[in-house]
Amino acid sequence: MVEAILTAVVVILCLAAVYGLSAARVVKQYERGVVFRFGRLREAERLPGFTTVLPGVDKLRKVNLQIVTMPVPAQEGITRDNVTVRVDAVVYFKVVNAADAIIAVEDYRFAVSQMAQTSLRSIIGKSDLDDLLSNREKLNQGLELMIDSPAIGWGVQIDRVEIKDVSLPETMKRSMARQAEADRERRARVINADAELQASKKLAQAAEAMSEHPAALQLRLLQTVAEVASEKNSTLVLPFPVELLRFLERAQRYPQAPGAQPPGSGEDTAVTQRTGPDTTGATTGAEALESAVPGLSADEVEAAKQGLSALGIPLPGMEALEQPRSSEPGASAGPETDPSAPEQEPPAPEAGPPAEPPAGRDKRPGPGT
């Protein structure tokens, strides 16, 4: 009898232990429990920790409240400017109402994924290619609003949406590369032109300063020679004055004939014949330099003198440029003729009666005398 009682007690304790184990539940910190009793939702959610349910009567479903990272598959679409692109994105969302996430929608993860794909296709068709590439923040906000509107009724809150990648066709990539290269080349040319403009202004100011002080050109020449020689080169570059080149070019273009006026002076050209040698002597090299080439300004003459001096050509010894002065006072000059007028031949003698023999000659008598 006692043994039967003890056996019954042990059986009852075992059944109680089994019942207690089957009724015990543990809800984690990032979860919430939703209890259904005979298929009806209990109003109170089970908070994290230890809880119990009635086995066979209650059914507990746990909902994760952590932020879910869901990749959106790449969607191919045509933009507003008729460019075919493939765009993929990432959606970050979390459950804020466990009961709605279980009751309002069958599978909230699948629902959010499908909604994100359709919204991404819609945003591609409404945007331009430039917006997809450079103005992604605005598109992300638009996607977030489009997905979050229906997701509120599912107990889901969209945290953020990010466009992950935009794939372009190869032809479009090459076209964009050419466009970017052309734009960079245009900016480089503009920068170079701006630099040339600034440099030309500075050079013009330097030229004005050197024109006021002609000795500065000689100093600059010596400084350039010193800079070239300081680089330990075996070749020495000697700059040639540009003013001297202009002087020689003008001297070759307009050769000065003795006693002739330079062309282009605005007066009629006349050729004067000298009647005697020049007794006043040759002019100096500086005077010859000033009179050899017409139209030289005082600054050009001074610069040419300095260039000749820098090359070691003494001014008094320029026989090639020496010219005789004007003829002696009192010398008679021939008649002035116009060189442009055609030459006239001497007039032919007029035909007339035969000339009479000179007087004083003996006339022979004719046959009748």
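The values are calculated or read from the model by the stated rules, or taken from the named source; none is laboratory data. Here the structure is a predicted model, which means the values were calculated and not measured. A quick note on method: Cβ atoms are made from the backbone with ideal geometry, for glycine too, and the neighbour counts reach across all protein chains shown. Areas reflect the complete protein model, heavy atoms only, side chains present, ligands, DNA and RNA absent. Shrake-Rupley method; radii C 1.70, N 1.55, O 1.52, S 1.80 Å.
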Of the residues in the stretch 83-103, those that are touching a helix residue (DSSP H, G or I) at 6+ places or on another chain (Cβ under 8 Å) and surrounded by 20 or more Cβ atoms within 10 Å (Cβ to Cβ) number 7
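Tell me the residue from Arg174, Arg160 that is assigned to a helix (DSSP H, G or I), of a type in the set (Lys, Arg) and open to solvent by 60 Å² or more (accessible area, probe 1.4 Å), please.
Going through Arg174, Arg160 in turn, the sole match is Arg174.
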Thr69 vs (1) surrounded by 12 or more Cβ atoms within 10 Å (Cβ to Cβ); (2) under 60 Å from the mean Cα position of the chain (by Cα); (3) without any contact (Cβ under 8 Å) to a residue 40 or more places away in the chain: all pass except (1)
Item to complete: Could you please let me know if Val85 is aliphatic (A, V, I, L, M) and without any contact (Cβ under 8 Å) to a residue 40 or more places away in the chain?
Response: no
Counting only residues in the stretch 104-130 that are over 11 Å from Ala89 (Cβ atoms) and among the β-branched types (Val, Ile, Thr), the one least open to solvent (accessible area, probe 1.4 Å) is identified as Val112
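Could you pull out the residue among Ala151, Ala182 that is touching a Phe, Trp or Tyr at 6+ places or on another chain (Cβ under 8 Å) and either assigned to a helix (DSSP H, G or I) or surrounded by 14 or more Cβ atoms within 10 Å (Cβ to Cβ) (or both)?
Ala151
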Leu60 fails exactly one of (1) among the aliphatic types (A, V, I, L, M); (2) at pLDDT below 90; (3) open to solvent by 40 Å² or more (accessible area, probe 1.4 Å), namely (3)
When the stretch 153-186 is checked residue by residue, the ones that are farther than 12 Å from Phe93 by Cβ and acidic (Asp, Glu) are Glu162, Asp165, Glu170, Glu181, Asp183, Glu185
Expected output for the stretch 5-32 (first residue open to solvent by less than 100 Å² (accessible area, probe 1.4 Å), partner in a strand (DSSP E or B) and of a type in the set (A, V, I, L, M), Cβ below 8 Å, 6+ apart or cross-chain) is Arg25/Leu60; Glu31/Val63; Arg32/Val63
- Query: On the given criteria, is Ile124 within 33 Å of the chain's Cα centre (by Cα), in a helix (DSSP H, G or I) and in contact (Cβ under 8 Å) with a residue 12 or more places away in the chain?
  - Reply: yes
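Tell me the residue from Val91, Val112, Val87 that is hydrophobic (A, V, I, L, M, F, W, C) and assigned to a helix (DSSP H, G or I), please.
Details: Val91 fails: assigned to a helix (DSSP H, G or I); Val87 fails: assigned to a helix (DSSP H, G or I).
From the options Val91, Val112, Val87, the qualifying one is Val112.
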Would you mind stating whether Ala216 is hydrophobic (A, V, I, L, M, F, W, C), loosely packed, with under 13 Cβ neighbours inside 10 Å and more than 30 Å from Val96 (Cβ to Cβ)?
no
Confirm whether Arg42 is in contact with a strand residue (DSSP E or B) (Cβ under 8 Å, 6 or more places away or on another chain), open to solvent by 80 Å² or more (accessible area, probe 1.4 Å) and without any contact (Cβ under 8 Å) to a residue 40 or more places away in the chain.
-> yes
Exactly one of Leu133, Leu47 is surrounded by fewer than 18 Cβ atoms within 10 Å (Cβ to Cβ) and within 30 Å of Leu21 (Cα to Cα), and that residue is Leu47
